[in-house]
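The values are calculated or read from the model by the stated rules, or taken from the named source; none is laboratory data. Because the structure is predicted, anything quoted here is derived from the model rather than measured. Don't worry about glycine lacking a Cβ; one is built from the backbone with ideal geometry, like all the others, and counts go over all protein chains shown.
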Amino acid sequence: MFAWVRKLTMRGRLEREMRDELEFHVQARAEDLERAGLGAAEARRRARVEFGGVESYKEALRDERRFGLLEDAARDLAYGWRNLRRSPVFTLSAVAAIALGIGVNTALFSVVYGVLFRPLPVRDPGTVRNVHLLTTGEGDRSSYGSRYFVSFAEFQAMRPEARTAELAAVSEAGATARFAPAGLHLQLVSDNLLPMLGARPAAGRFFTKEETSTPGVGSVAVLSYDAWQKYFNGMPVTGATVVLNRTPFTIIGVANPGWYGPLVLKPDLWIPLTMQAMTRAGEPLIANANAAWVQVIARRRPAVTDAEMRAELQVLGQRAVTVHEPRRKAVVTIAPGAFLNYPDVMSGAVPVLAILFLAVSLVLVVACANVANMLLARGFGRSREIAIRLSIGAGKGRLVRQLLTEHLLLGALGGAVGLGISQVVVRLLLTALPAIGGNQLDVSADWRIAGWALAVALVAGVIFGLPSALGMVRGSLTPALQAGPGKHGRMRLQGFLIATQVAVSAVLMINAGLLLRALTTAAHLDPGQAVRNVLIVHVNLRNLQYTPEQAARYLNELRDRSAALPGVSAAALTAFEPLTDSCDARLRPIGENGMPGAPVRVSCNESGPEYFRVMGIALRQGRGFSVVDAAPAAKTVLIDESFARRHFGGNALGRRVRFGDSAADDYEVVGVVATTRPLNFLAGDSPQVYQALKGLRHLEAKLIVSYGGAAGPLRQAIQNSGVALDPDATVNVTTIEQNVTSALGLVRLAAGGVAALGGLALLLACTGVYGVVAFTVARRTREIGVRMALGARPAQVMQLIVGQSLRPVLVGGAIGGVLAALAAQLIRAMLYGVSPVDPLGFAGALAVLAAVAAIAALAPARAALGVDPAVTLRHE
Amino acid sequence: MAELLPGTLDVLILKAVSLGALHGYGILLRIGQISGGALEIEQGALYPALYRLEVQGLLDAEWGTSENNRRAKFYTLTAAGRKRLKQETESWRQSVAAMSAALSATAGEV
């Protein structure tokens with residue numbers, strides 16, 4: 001170690017000695033030559049020429065000296081770095097290609113990691129765990145948010161018993177308050193959640209156990225620091241009363257700045273879990289031991305393992321469930337604390353993520369093939385250097401190692417730049433996505449993201465470097481370097497790499513083409529229902545603490561007032577948002593013999609009178625809903641033509657369908673309407689059935705209004721009517737055009753994303769084509785000269801060069817076409833009936849590909865025409 | 001003049017230095033001399049090899065004065081270098097013997 005330090009500090013002296021030693025050599029040689037009869041000046045010149053490139057030997061010497069006692073690896077690294085510096089154009093373009101490939105890859109990883117795996121932004125996140133409880137078996141259990149949540153009763157039973165961990169609870173809800181016209185976001189918590197996760201009061205205090213133990217008790221609230229600044233300007237606020245959802249709360253404290261709790265959305269206020277009822281009027285989940293709505297977050301105690309913690313919670317979880325539902329079996333699992341670390345989120349995300357990762361990996365593949373090609377071309381220029389290194393005793397293995405080090409260095413540089421690119425891409429992505437207001441999603445690079453980028457970079461480095469490293473060494477061992485058989489193999493390899501790049505680009509481009517075709521198709525699709533000139537009115541009736549009866553009265557009144565407004569043609573109530581939302585049900589058609597048939601999966605909605613008029617859905621048989629169908633005892637249903645045809649032979653009026661298990665759940669078909677097509681491809685194409693809007697559903701029902709003329713004044717008039725009916729109401733009017741956009745949003749996003757990646761891949765592939773053609777021209781200058789001297793016309797020369805270079809492009813395009821058709825099967829659902837081998841989508845994408853590739857090939861090939869036969873024949 | 005076989009430069013240097021301390025140019029001359037002028041070494045390639053051997057502890061180097069009174073770096077063999085030279089010489093002899101036997105074989109002997 002000491003010797004090494006000394007060596008470095010003595011570097012200046014060593015440089016001097018090195019120069020002296022080589023200088024001595026040249027002088028001694030010159031003197032010998034002089035003695036042999038040469039003039040002094042000539043002798044000196046000869047001595048220098050004989051010695052060769054002093055500087056390059058000095059470099060080699062420096063390597064030997066500088067790292068004399070260090071490992072070979074360090075020497076290889078320095079050697080590689082020097083080589084890369086020596087050809088900056090190559091290095092820059094290679095690093096750029098790799099950085100782009102790694103950039104998009106790491107960007108995707110950053111988002112996925114930020115949502116699913118990143119440790120929570122709370123104190124000591126290493127011992128925070130998400131607790132999942134899944135129950136199976138007989139009995140009625142409903143879940144709100146995730147199937148892995150627990151009920152309030154279960155949480156209360158488990159918490160005091162747990163020895164291995166401290167259990168805390170959290171849930172979220174929206175709220176209405178006069179001081180916040182845009183609405184508030186609440187987190188409902190157990191008393192220990194804030195202190196357990198490291199929150200400190202910036203003012204006042206946090207909750208006590210008494211305030212969060214009894215349902216309905218605990219009308220106190222803690223403000224987030226941001227909300228305190230925003231709504232109260234940071235004025236003293238503890239002891240003040242705020243009214244949330246028409247319920248008075250006393251503010252007892254403010255959390256410290258920058259602390260937002262364990263969920264991805266930032267809350268404005270925290271309130272006790274026991275106040276759940278007022279966040280969901282009409283459906284107090286807190287009183288229902290079978291309603292799973294509480295998310296359990298735990299702090300593992302010191303000296304406890306995850307296995308011990310899970311084992312204890314399993315016993316406690318089963319016991320808590322058994323109390324109220326002895327037939328159900330509970331399974332408890334735990335996972336490191338992260339925003340959405342829930343099995344159902346994971347299983348939902350995996351297929352989508354797989355496609356996304358496939359797409360970004362394809363770009364990386366193209367980048368790797370591109371750089372591999374550059375390295376192959378560069379290999380020609382370096383064969384002499386390799387030959388020298390071999391002749392002065394470098395082993396073959398060592399040489400491969402050296403080249404590999406150089407490639408890994410290249411990869412690491414690309415990774416570092418790529419990491420920077422990914423940060424930019426992620427930020428662009430997050431701003432392009434529909435605003436997820438007030439989230440605390442953290443996508444900045446930490447060591448795991450950097451590690452990911454580096455790991456991908458090194459793997460890429462090995463992959464793109466191996467062919468050229470092996471090829472170079474194999475080629476260099478044959479003495480006749482220029483005419484060796486290695487050259488042919490190398491040409492083939494280059495062709496193969498070009499074909500790969502083109503094929504991958506084709507897969508991405510074609511799929512982007514198909515998605516664009518799908519978008520235009522969907523825009524002109526006749527969905528069989530209104531896609532314009534309908535307003536949708538949302539009122540926060542639950543937050544206003546309405547009973548279902550009050551809600552029905554309010555909405556019916558608002559409907560009648562709206563229908564009387566000028567320009568309005570019809571108004572109706574609906575439980576689900578048109579075009580974007582619906583419910584799913586399974587029902588059995590009852591046969592003419594009174595026997596129920598096989599269950600049919602249907603898409604459902606609940607709506608009031610006039611719904612079909614507002615939505616422009618034609619009534620084919622029977623009648624639409626009227627006031628009588630809203631009566632609790634009325635059991636009527638409308639079905640669409642596809643259902644009527646398939647299960648009732650087209651004659652459905654008066655027939656029955658069974659929603660549940662017994663004849664008590666039978667509904668009579670009173671009308672048949674035209675079949676509609678869902679715009680949202682996720683909805684599938686199940687038949688549609690309609691029930692009458694009743695009771696509880698009024699709390700979440702919307703008013704829809706069809707109109708002619710201008711929307712603006714009408715919106716304002718409806719809003720005014722809504723507020724006139726209740727001054728506390730927040731009346732939000734949207735348009736059905738917005739729903740059309742959001743129904744197609746995922747497809748638009750996919751088309752944009754795939755097109756962007758495809759463009760990137762195409763750009764890389766074209767630089768590859770350009771490079772290979774330019775290289776071919778340079779290498780065959782002499783041949784071209786001979787041909788032209790013998791009378792070949794420019795067109796023939798062009799044909800020769802371009803024809804040969806474009807062969808791998810054609811092969812790649814053909815293979816890419818086949819692969820694209822296979823890949824299109826994956827996104828078939830998004831294609832809106834456009835065939836996965838749609839000729840327009842294919843032809844368009846391939847035409848773009850061919851045009852760009854031809855330009856990339858022709859531009860450098862034109863250089864061949866500038867070849868002067870006289871000059872080239874004198875060449876060498 | 002014969003081309004130098006890969007990997008043989010090191011052992012030639014060790015041999016040259018084993019006959020007495022030498023500077024780099026002297027090593028070049030001596031290799032020419034002891035090989036009867038048959039082996040020629042690319043001049044610049046000599047120095048990386050010298051430094052490598054020094055780092056490996058097979059050679060010692062010291063600055064001294066040359067025959068015409070100039071400062072020059074002189075190389076001597078270390079004990080490890082002497083041992084390595086012995087091993088390399090032995091294995092070289094064996095492979096030469098094997099090669100000659102193989103190449104001088106005639107039809108009758110097979």
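Within the range A:485-535, the only residue that satisfies the criterion of being on the phi > 0 side of the Ramachandran plot and at pLDDT 85 or above is A:ASN533.
Could you run through the range A:102-119 and say how many residues are touching a Gly at 6+ places or on another chain (Cβ under 7 Å) and crowded, with 23+ Cβ neighbours inside 10 Å?
Pass one, the range A:102-119, residues touching a Gly at 6+ places or on another chain (Cβ under 7 Å): A:102-103, A:106, A:119.
Pick out the ones that are also crowded, with 23+ Cβ neighbours inside 10 Å and you get A:102-103, A:106.
Within the range A:102-119, residues that are touching a Gly at 6+ places or on another chain (Cβ under 7 Å) and crowded, with 23+ Cβ neighbours inside 10 Å number 3.
Scan the range A:318-354 for residues that are in a helix (DSSP H, G or I) and in contact (Cβ under 8 Å) with a residue 12 or more places away in the chain and report the count.
Qualifying residue count, the range A:318-354: 12.
Here A:ILE98 meets the list (1) modelled with pLDDT of 75 or more; (2) within 14 Å of chain B (Cβ to nearest Cβ); (3) touching a Phe, Trp or Tyr at 6+ places or on another chain (Cβ under 9 Å) almost entirely, failing just condition (2).
Within the range A:581-601, the set of residues being surrounded by fewer than 21 Cβ atoms within 10 Å (Cβ to Cβ) and not charged (D, E, K, R) comprises A:SER582, A:CYS583, A:ALA585, A:GLY591, A:ASN593, A:GLY594, A:MET595, A:PRO596, A:GLY597, A:ALA598, A:PRO599, A:VAL600. Scanning the range A:258-272 for residues that are more than 14 Å from A:ALA175 (Cα to Cα), among the hydrophobic types (A, V, I, L, M, F, W, C) and touching a helix residue (DSSP H, G or I) at 6+ places or on another chain (Cβ under 8 Å) turns up A:TRP259, A:VAL264. Among the residues of the range A:519-542, is any in contact with a His (Cβ under 9 Å, 6 or more places away or on another chain), in a loop (DSSP other than H, G, I, E, B) and either assigned by TED's automatic domain parsing to the domain that holds A:TYR611 or among the acidic types (Asp, Glu) (or both)? Within the range A:519-542, one or more residues are in contact with a His (Cβ under 9 Å, 6 or more places away or on another chain), in a loop (DSSP other than H, G, I, E, B) and either assigned by TED's automatic domain parsing to the domain that holds A:TYR611 or among the acidic types (Asp, Glu) (or both). Considering (1) facing chain A (nearest Cβ under 10 Å); (2) outside any loop (DSSP other than H, G, I, E, B), the lone condition that B:GLU67 does not fulfil carries the number (2). If the condition is being under 18 Å from A:ALA765 (Cα atoms) and either free of Cβ contacts under 8 Å to residues at least 12 places away in the same chain or outside the structural domain of A:VAL502 (by TED's automatic domain parsing) (or both), then the range A:819-862 contributes A:ALA847, A:ALA851.
All conditions in (1) modelled with pLDDT under 70; (2) touching a helix residue (DSSP H, G or I) at 6+ places or on another chain (Cβ under 7 Å) hold for A:ALA30, with the sole exception of (1).
Against the list (1) closer than 23 Å to A:ARG48 by Cα; (2) within 14 Å of another protein chain (Cβ to nearest Cβ), the condition B:LEU14 fails is (1). For the condition within 10 Å of another protein chain (Cβ to nearest Cβ) and of a type in the set (Ser, Thr, Tyr), B:THR76 does not qualify. Selection within the range A:60-87: residues that are loosely packed, with under 14 Cβ neighbours inside 10 Å and within 11 Å of chain B (Cβ to nearest Cβ). The member of this set that is modelled with the lowest pLDDT is A:LEU69. When A:SER93, A:SER171, A:SER110, A:SER146 are checked against the criterion of being within 29 Å of the chain's Cα centre (by Cα), small (Gly, Ala, Ser) and within 30 Å of A:VAL733 (Cβ to Cβ), a single residue qualifies: A:SER171. Please specify each residue of the range A:218-251 satisfying the condition of being of a type in the set (A, V, I, L, M) and farther than 20 Å from A:GLU172 by Cβ. Those that are of a type in the set (A, V, I, L, M) and farther than 20 Å from A:GLU172 by Cβ: A:MET235, A:VAL237, A:ALA240. Is it the case that B:GLU42 is at the interface with chain A (Cβ under 10 Å from one of its Cβ atoms), of a type in the set (Asp, Glu), closer than 21 Å to A:ARG46 by Cβ and free of Cβ contacts under 8 Å to residues at least 40 places away in the same chain? Yes.
Determine whether the range A:662-674 contains at least one residue that is loosely packed, with under 15 Cβ neighbours inside 10 Å and hydrophobic (A, V, I, L, M, F, W, C). Yes, that holds for at least one residue.
Looking for whichever is modelled with pLDDT under 90 and of a type in the set (Phe, Trp, Tyr) here; the options are A:PHE90, A:PHE152. Which one fits?
Details: A:PHE152 fails: modelled with pLDDT under 90.
None of the other options fit; the residue is A:PHE90.
B:ILE34 meets all of the listed conditions (1) of a type in the set (Val, Ile, Thr); (2) buried (at least 16 other Cβ atoms within 10 Å of the Cβ); (3) farther than 25 Å from A:VAL49 by Cβ; (4) within 13 Å of the chain's Cα centre (by Cα) but one, namely (2). On the given criteria, is A:GLY139 more than 22 Å from A:VAL264 (Cβ to Cβ), modelled with pLDDT under 90, of a type outside the set (A, V, I, L, M, F, W, C) and in the same structural domain as A:GLN295 (by TED's automatic domain parsing)? Answer is yes for this residue.
Within 11 Å of chain A (Cβ to nearest Cβ), more than 12 Å from the chain's Cα centre (by Cα) and either more than 24 Å from A:ARG16 (Cα to Cα) or aliphatic (A, V, I, L, M) (or both): does that describe B:ALA49?
Working: within 11 Å of chain A (Cβ to nearest Cβ): yes; more than 12 Å from the chain's Cα centre (by Cα): no; either more than 24 Å from A:ARG16 (Cα to Cα) or aliphatic (A, V, I, L, M) (or both): yes.
No, not satisfied.
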